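Input: a single structure, listed below in C-alpha cells.
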There are 2 protein chains.
Amino acid sequence: MTENSPSADAGPPRPRRSDTTRAAILTAAIARFAADGYERATIRAIARDAGIDPAMVMRYYGSKEGLFRAASEIDLRMPDFAGVRSEEAGEALVRHFLERWEADDSLAAMLRVAMASGLDEGRQQALLERQVGPTVARFCPAPAEVPRRTALIASQIVGMAVLRYLIQVPTVTAMTRDEIVAWLAPTVQRYLTADGP
Amino acid sequence: MTENSPSADAGPPRPRRSDTTRAAILTAAIARFAADGYERATIRAIARDAGIDPAMVMRYYGSKEGLFRAASEIDLRMPDFAGVRSEEAGEALVRHFLERWEADDSLAAMLRVAMASGLDEGRQQALLERQVGPTVARFCPAPAEVPRRTALIASQIVGMAVLRYLIQVPTVTAMTRDEIVAWLAPTVQRYLTADGP
DNA sequence: TAGCGTTGTCAACAAGCGTTGGCCAACAGG
DNA sequence: CCTGTTGGCCAACGCTTGTTGACAACGCTA
C-alpha cells in the first residue's frame, strides 16, 4: 500500500532519503547485539550509537525483535572453492571462517543471540544447509551424508569461535591464526572427506 | 561474627533450618539460567519455581549476580581415567562429557551465561585448567602444551554442546550418542596425543 | 503557494525488573 | 515465662525497558 506503482510492485524500490538512517541503525544494532547480546542491547543504546531517536528504530523495524531479525540476516560469504584441491579443503574452510569471523561482528552477534534465546526455530540449521552445505557437497564423497558432515564441521568451527571470540579464553586468543588453522584443518578435513568413522 | 564457636571457625557449620530452602532456590536457579539465560531468568520466576518469596533469594544470595555465581560453580566430575589406555583417551573423554552434559542442566546454564555476558573474566579459563588440565596432562606428551591442548579439546566439545544442547540443531540432536563419539573421538585423540600439527 | 507524504523529536505510558525494609510466626535458651 | 534469633511473606521503592502518539520541520508535486 505504500508503493507508488500499482502495476509492478516487484521492482527495486527507489532509494529513500531515510536509507542512511536505516543503515546507521542496522550498523549500530549489529555492534550492540554482538557486544552485549540480545537483552542487554537496548534500543535506546542502539539509537544513541546511531545518533537518532529511539522512536525511529520502532518506525523502521517495528519492534526490537524485528530489528534483530534484520540485523542477523547473516551472509557467510562462502567462496566457491573452485580451484581448491580436495586435500586442501579443510584448511581453506577453517581459514575462511576465521577471517570471516574477524571481519565484522555480525557473526558473533548471531551466535550470541542464537544461544541466549530460543527464538531460532531451525533458522541456524537452514543457514548451515543453505550456505555451507553446497561447499561440503563439493568435497564430500557421500551426498546423503552432507547434512551430518556439515553439522560436524560446524561444531568444530563454532566451538573455536565461542572460545576465541565470545568467551575470549586467553589461551585461545593468544594463538595465532595460522596455529589454529594448522590444528583444526585436519579435523575439518576428516569430517569432510573421510569415510564413515 | 555470626559463628557460634569463637575458637574454631573452620569446622563444618551445623545444618540450618533454611538449608532446604537454599537448595530449592539453587536448583530452580540452575534450571532457569539454563533455560532462559541470565537476563531472561528473573529472580521472581526462580522464586516462584522454588515456591518461596523473591526476597528470600536476596537474603540468601545477596543479589542476582551472587545467585548466579553460586549456581554456576560447575563441577565437571572428571573421572581419574586411571585404567584408560592412551589410545582410548579421546573416546573416553568425549563420552564422559556427553553423559555429563545430559545429566543435568548446569553445564548448559554456565555456557549460556558465559556467552551472554562478559562477566566471566577468565573464570572459564580457570575452570578448564583446573578440572580438565590434569586429565589432559595425563595423556599429553608435552607438558608445556597442556593448556593449548586443553583449549583445543574444549573447542570441539563446546562446539558440539552448543549445537546439540543449546541451539538444538535438528541434524545434531538426531544423531545418537555413539555416532557422535565415533566422529569426535579421533579429533580429541589427536588434540591430546598427536605431535605438533 | 497550498497540500501531502516522509523524517524526525519529544514526552509520556504501562509493565517488569532488582532490591529494600518492615512485620509476623516459629523456634531456642535462660 | 520472657527474649533474642531465624525463616518467611508482603508491600513498596526507584529504575529501566519497549513502545506509542502527538507534533514540528522537510521536500516534493501540482
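Readers should treat all values here as calculations from the given coordinates under stated rules, not as data from a laboratory. From a predicted model like this one, the values you see are computed outputs, not experimental measurements. As a convention, Cβ positions derive from the backbone with ideal geometry for all residues, glycine included, and neighbour counts pool all protein chains shown.
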Per-residue ellipticity at 222 nm attributable to helices in the protein assembly as shown (runs of n ≥ 4 DSSP H, -39500 (n - 2.57) apiece, nearest 500 deg cm²/dmol) works out to -18500 deg cm²/dmol
Of all trypsin sites (Lys or Arg not before Pro) in the stretch B:12-114, the ones in DSSP coil with at most 11 other Cβ atoms within 10 Å are B:16, B:17, B:77, B:85
Treating only Lys and Arg (+1) and Asp and Glu (-1) as charged, each at its beta carbon, one finds that chain B has a dipole about its Cα centre, in Debye to the nearest 20, of 440 debye
If each part is reduced to its alpha-carbon centroid, the stretch A:160-175 and the stretch B:139-197 end up apart, in Å, by 15 Å
Partner shielding of B:142-154, taken as the mean number of other chain Cβ atoms within 10 Å, equals 4
Computed over the stretch B:79-166, the relative contact order (Cα-Cα under 8 Å, seq sep at least six) in percent reads 31 percent
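Charges at C-beta only: +1 for Lys and Arg, -1 for Asp and Glu. How large is the resulting dipole of the stretch B:86-193 about its Cα centre, in Debye rounded to 20?
So the dipole magnitude of the stretch B:86-193 works out to roughly 220 debye.
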Taking GluC sites (Glu not before Pro) as exposed when in a DSSP loop with at most 13 other Cβ atoms inside 10 Å, chain B has its longest clean stretch at B:122-197
For chain B, longest principal axis from Cα atoms; helix B:89-103 axis from its Cα atoms; angle between them, nearest 10 degrees, is 30 degrees
In whole Å, largest first, the alpha carbons of chain A cover along the principal axes 55, 48, 29
Answer in debye to the nearest 20: the dipole magnitude of the protein assembly as shown about its Cα centre, from +1 Lys/Arg and -1 Asp/Glu charges placed on Cβ, is 860 debye
Dividing the alpha-carbon radius of gyration of the stretch B:86-193 by 2.2 N^0.38 Å, where N counts its residues, gives 1.06
Per residue of B:32-45, other chain Cβ atoms within 10 Å number on average 2
At q = 0.15, 0.31 Å⁻¹, the log10 of I(q)/I(0) for the stretch B:19-71 from a Debye sum over equal Cα scatterers comes to -0.29, -1.44
Percent relative contact order for chain B, counting Cα pairs under 8 Å at least six residues apart, stands at 23 percent
D (µm²/s, integer) via Stokes-Einstein for the protein assembly as shown, Kirkwood Rh across alpha-carbon pairs, 37 °C, 0.692 mPa s: value 141 µm²/s
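Work the Kirkwood hydrodynamic radius out for the stretch B:45-132: mean of 1/r over every pair of different alpha-carbon atoms, inverted, in Å. Walk me through the intermediate numbers first.
Working: mean 1/r = 0.0653 Å⁻¹.
Hydrodynamic radius (Kirkwood, Cα only) of the stretch B:45-132 equals 15.3 Å.
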